Structures are given as structure tokens and as C-alpha cells.
Amino acid sequence: MIRYVSTRGGVAPTPFDRVVLEGFAADQGLFVPQRLPRLSVHDLQRLQPLSFPELAGEILSLFIDPASVPRADLDRLVSQSLAAFSTPEILPLRPLAETPDTWIMELFHGPTLSFKDLSMGFLIRVMDYFLEKEGRHLNLLLATTGDTGPAAAHAVAESRFIDCWPLYPAGGISPEQERQMTGLQTDRVHPVRVSGCPDGVNDLDLVIGKIFGDVALKEKLHLSSVNSINWCRVMFQAVHYFYGYFRVCDALDDSVVFSVPCGAFGNMFGGFLARTMGLPISGFVCAVNRNQALETLFSTGLLKQQPLCETLSPAIDIIVPYNFWRYLYYIAGEDPAKTAAWMACFEKTGELQLPPDILEKMSRTHKAISISDETTLATIRRVWATEGYLLDPHSAVALAGAERLSAAFGPAAKTVCLATAHPAKFPAVIGRAVDYPLPQHAFHPSLSTSSDRSTLGGSCPLPDLYRYLVSEIGKRSSHG
Ligand SMILES: *Cc1c(COP(=O)(O)O)cnc(C)c1O
């Protein structure tokens, strides 16, 4: 039987459906599998030729008890969650001409043009599946600065038992991202534009925290969330790495480095999970922008809360890389007592200094680097000029990071850079990197203003948000 425990060690072994629907473990730790599945060379050879959906079915089945989701249902949920992708390969890989042995893996061919569509589409469908069995309805409440809200809203539009309430700070997201939520044709999505948020999404998280902290209210309103710590999302993200590795390697002894633009460390944790399961990845470049908590952490072992800076790659403007705790749990040898003590120390003091032996283990597989906005723009400009290929700012951070650090894992490595968003989501940044008129690649039909049917959603000033949500969600729950 496949069961989950908490990185803090405070919950009984929990089945997959509870893990998905609850998100956080009750002891405020993160869910991890009780035993991690391991793959032999023989298993890997068997998986190598599979298509992305077939591979996803195989990998996910290692984490989901068939009593909870029978294999045929799992395969159906995977294929439904990938149905809206615009390429049959799902994640096409493109070799770069100017840098040998380097590929861009495009994770942005889903309906809202960011890699969040991959794991979010699957998570929402799995939730819907469990809710149908239980005869229940859920309201998902989340605050978004960028890509999470559109991905969740799009997936929920097709669900039967879920309503989604994405909150966003007025002016804090791009008009393209706003339209991806307000232009949907559904009565299940209720975007809320919140005015007067000096601390951006942080202000919204405080209101959500207050509502979730009231257990009776949370129950009454059937509330849950789908943020990046949900195990279902990180598990799905491991599949990206298996697929990328298999596409660039003929044999299983090639040396491959992945470069990942990191925010909450969820995507990167997927890579670490794949490696821990037995995929022979040489190492990871953890590429960040001026919000450099991860760079400090991987170079000194110090995790420290620093003020947020706004950059040209907003989806990775993050102060605390929350999935890092999961990573740390494995680095410490799956030791919940150590992890719990570290988390408690950080919560209490806003700071954590990791011991040298832990830092040494971390640096064997991970190197982190902070990339400036100037370098991000220069990378977009150069790759457009030399390759005729347009990177979005987050993907540019990953490539710039790879160019500086790939060689640190030894010579002759193949490098796969994760491209996490389509450039059309960030036309203002692209306009600063390349000359006008912008190339055709800077646009996408799904984002053109002519398809603007912005009809959904309400708006509310921050001081009224709590009352607004309780009343609006309450109305919806009563005839759920
Ligand atoms: C969310 C996001 C990231 C960061 O992913 P994490 O899992 O939070 O590290 C990177 N790029 C884009 C475009 C994103 O939307």
C-alpha cells in the first residue's frame, strides 16, 4: 500500500486522496511518500521509448495506490489533463546551434502557456475525480502573481465539483495574464481583482491565511487550495526530467545537467525526485533572479528571509522557496526530527544556518546562480539574433545560468534548459530586448486582444476582501 507521511513526522500514514485534497499535512509539514520508489537500469530502459503521456502514467502509478485510482482511470486523467496541449510531443526539445550539446525543453504548450498547466491540469482533474466519489464540492482559494491563477482557472473551467477563486493585486499581473482568467467561458471561475495591496500578493495571502485559520469557516465554505507544495504537483513535475533525459540521451550513461528557473523550488524538486529514484542526472543548475535566497542557501547554507525585489522574471520573485523543505528532508536522510527542528528554527527566527555536512551534500548535485535583469535581456537579445529563437524572461534566466555553471559538473555534459513560459506572456519585457516591430513569436493567438471577452470576476478593495469572500463564497456553497 502506498502511503504518505509528513516531513515533520507528525501525521499517521495517509492515503493519496487525503494528500491531494488537504495539500498541507496537519502538522504544517509537507507530505512525502513513506517509501520512495526506485528504478533499476532495466526499468529505465523500458521507460525510455515511451511518449510523454505513457511515461507520465508509468511514473505516477508508482506513487498512487491502485485502490485509490485504478490504473485505467489514472491513464484517462493524464490524457484528459494533456488534451488541450498544442503539440503532440507535449514537451518538445530544441537544440541550440550556437551552444553545442544544449537543448531548450519547452514546457509551455498548454492552454495558458506556462509549465504550471502540466501539473495543475492533472491536480485539478484528480481532485474532481475524488470529489465525485465523495459526493462533495470544493472552493479553491488562491492568490496569484502570475501563472498559477490562469492554469488553475483554466483547469477548473472543465471540472464539475470545483469552483476557483483566484485573487490578484490590481496592476500586479500582466494584462495578458488577467485576460486568461477573466475571459474564460464558465461559471466555475471567480477572479477577484483586489485594489490597494502595497505588498502585492503577500497582502492577499494574509487574508487567505485568516480565512483558513478559522477551521469552522473553512469547513462551512468547503475551502481548499492548490499551491505549489501539493504533492500531486511536484510528483507530476518529476516526469519532465525523465522525458527530457530520455530524449537527449542514446544510452543511460550520458552525463546530463538540467538548468531550471526556480521560484518555490517545486519544479526543481521534481528533478531531484527523478534523480533520487534512479535517473542518472549529473546535476542541476538552480537559476534565480535578484531574489537570491537559493543562491545564498546553496553557497553558504544560510536560509534567510530577505525583502522581495521586483524583476523582469516575476514568476520567480519569491522570498521563501517552500519546497526546499522537502529537498532538505531527503538530504538529511529522510529524518523528520531534523527537518522539524530546522523548520521550527526558521519559523521562529526567520533564519536557518545548515551544518557543513548538509551543505556539502547539497552542493554535490546543485549549484545556484543569480542572474541580473540586464543579463536576462542580453540573453533574450542574443539568442534571438543568433538563433531566431525567442526566450521568455524565465527561460532566459535558465539559459544564462546554464552558460555560467554547466561546466561545474565536469566536461562533456549535455545541458537541458527548462523553458517555463511562452514569450507572448511577457510582451513588455520582450519589447525591451528586441527591436520593434516585435517578431511574430512574441504573440500567441490565445492572448490576442481580439479574443478579449473579459466578463468574469469581481473587484474589491483590500480592507473589504475578507467580508467579500465570506459572503460570495457562502452564496456559492449554499447552492454548490
Ligand atoms: C512558477 C514558475 C516558475 C517557478 O517554478 P517553481 O516550481 O515555483 O520553482 C518558473 N517559471 C515560470 C514561468 C513559472 O510560472
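Readers should treat all values here as calculations from the given coordinates under stated rules, not as data from a laboratory. Computed from a predicted structure; not experimentally measured. Cβ: placed from backbone, ideal geometry, glycine included. Neighbour counts: every protein chain shown.
Quick check: residue separation of THR349 and VAL470 times 0.36 nm, minus the Cα distance between them. What number comes out in nm?
Result: 40.3 nm gained on full extension.
Could you put MET362, MET181 in order, starting from the residue whose Cβ has the fewest other Cβ atoms within 10 Å?
So the residues, fewest neighbours to most, are MET362, MET181.
Span-like helices, the chain: DSSP H, alpha-carbon axial extent 20 Å or more, mean Kyte-Doolittle 0.0 or greater, which ones?
Answer set is 116-134, 231-248.
Okay, which of region 239-278 sit inside 15 Å, backbone N to the point 7 Å along the Cα-Cβ direction of GLN45?
It comes to 250-254, nothing else.
Express in whole angstrom the spacing between the alpha-carbon centres of region 137-214 and region 373-431.
29
Ranked highest first by the average count of other Cβ atoms within 10 Å around their residues, in what order do 228-234, 408-414 fall?
For the peptides 228-234, 408-414, the packing ranking is 228-234, 408-414.
Ignoring everything except DSSP H segments at least 4 long, calculate the 222 nm mean residue ellipticity for the chain; use -39,500 (n - 2.57) per segment, divide by total residues, nearest 500.
After summing the helix terms and dividing by the residues of the chain, the value is -13000 deg cm²/dmol.
Could you tell me how far the Cα centroid of region 309-354 sits from the Cα centroid of region 82-119, in Å?
One Cα centre to the other: 28 Å.
In the calculated pair distance distribution of region 150-288, what percentage of Cα-Cα distances lie above 26 Å?
Pairs farther apart than 26 Å: 42 percent.
Between GLU132 and GLN306, what is the label-to-label distance in nm when each label sits 7 Å out along the Cα-to-Cβ direction?
Label at GLU132, label at GLN306, 4.7 nm between them.
For an R0 of 41 angstrom, estimate the FRET efficiency from the Cβ-Cβ distance between SER299 and GLU22 and round to the nearest 0.05.
0.70
Please identify every one of the trypsin sites (Lys or Arg not before Pro) in region 111-214 that sits in a loop by DSSP and has no more than 14 other beta carbons within 10 Å of its own beta carbon.
Answer by residue number: ARG136, ARG160.
For region 309-431, compute the orientation-averaged projected area of the C-alpha convex hull (one quarter of its surface), in nm².
Taking a quarter of the hull surface, the average projection is 9.5 nm².
At q = 0.13 Å⁻¹, work out log10 I(q)/I(0) for region 28-122 with the Debye formula, treating every Cα as an identical point scatterer and leaving solvent out; two decimals please.
Calculated log10 I(q)/I(0) at the listed q: -0.59.
For ALA12 and ARG71, compute 0.36 nm times the residue count separating them, minus their Cα-Cα distance, and round to one decimal in nm.
Value of the extension gain: 18.7 nm.
Net charge near GLY266: determine it from the other residues with C-beta under 13 Å of the C-beta of GLY266, scoring Lys and Arg +1 and Asp and Glu -1.
Taking every other residue near GLY266 into account, the sum is +2.
Taking a threshold of 22 Å on the Cα-Cα distance, which of the pairs LYS367/LYS414; LYS116/LYS425; LYS116/LYS210; LYS220/LYS475; LYS210/LYS304; LYS133/LYS475 fall above it?
Going by Cα-Cα distance, LYS116/LYS210; LYS210/LYS304; LYS133/LYS475 fall outside the 22 Å limit.
If we count other beta carbons within 10 Å of each Cβ, what is the order of CYS286, CYS197, fewest first?
Ascending number of Cβ neighbours within 10 Å: CYS197, CYS286.
Modelled label-to-label distance, ARG160 and SER195, 7 Å Cα→beta-carbon offset: nm?
For the pair ARG160/SER195, the computed spacing is 4.1 nm.
Restricting the calculation to Cα positions, tell me the Rg (one decimal) and the Dmax (whole number) of region 258-297 in Å.
10.6, 33
Testing the spin-label approximation: label points 7 Å from Cα along Cα→Cβ at GLU360 and ARG404. State their distance in nm.
Using points 7 Å along Cα→Cβ, the separation is 2.7 nm.
Translational diffusion coefficient of the chain at 25 °C, 0.890 mPa s, Stokes-Einstein with Kirkwood Rh over Cα pairs, in µm²/s as a whole number.
So the translational diffusion coefficient is about 108 µm²/s.
Suppose the Debye formula is applied to equal point scatterers at every Cα of region 99-214; what is log10 I(q)/I(0) at q = 0.22 Å⁻¹?
Summing over Cα pairs of region 99-214 leads to -1.24.
Please work out how much length the chain gains when fully extended from SER477 to ARG382, using 0.36 nm per residue of separation minus the C-alpha to C-alpha distance, in nm with one decimal.
Between SER477 and ARG382, full extension yields an extra 29.0 nm.
So for THR415, THR349, THR375, fewest C-beta neighbours within 10 Å to most, what's the order?
Fewest to most other Cβ atoms nearby, the residues stand as THR349, THR375, THR415.
Which GluC sites (Glu not before Pro) from region 68-162 combine a DSSP loop assignment with at most 16 other Cβ atoms within 10 Å?
GLU89, GLU98
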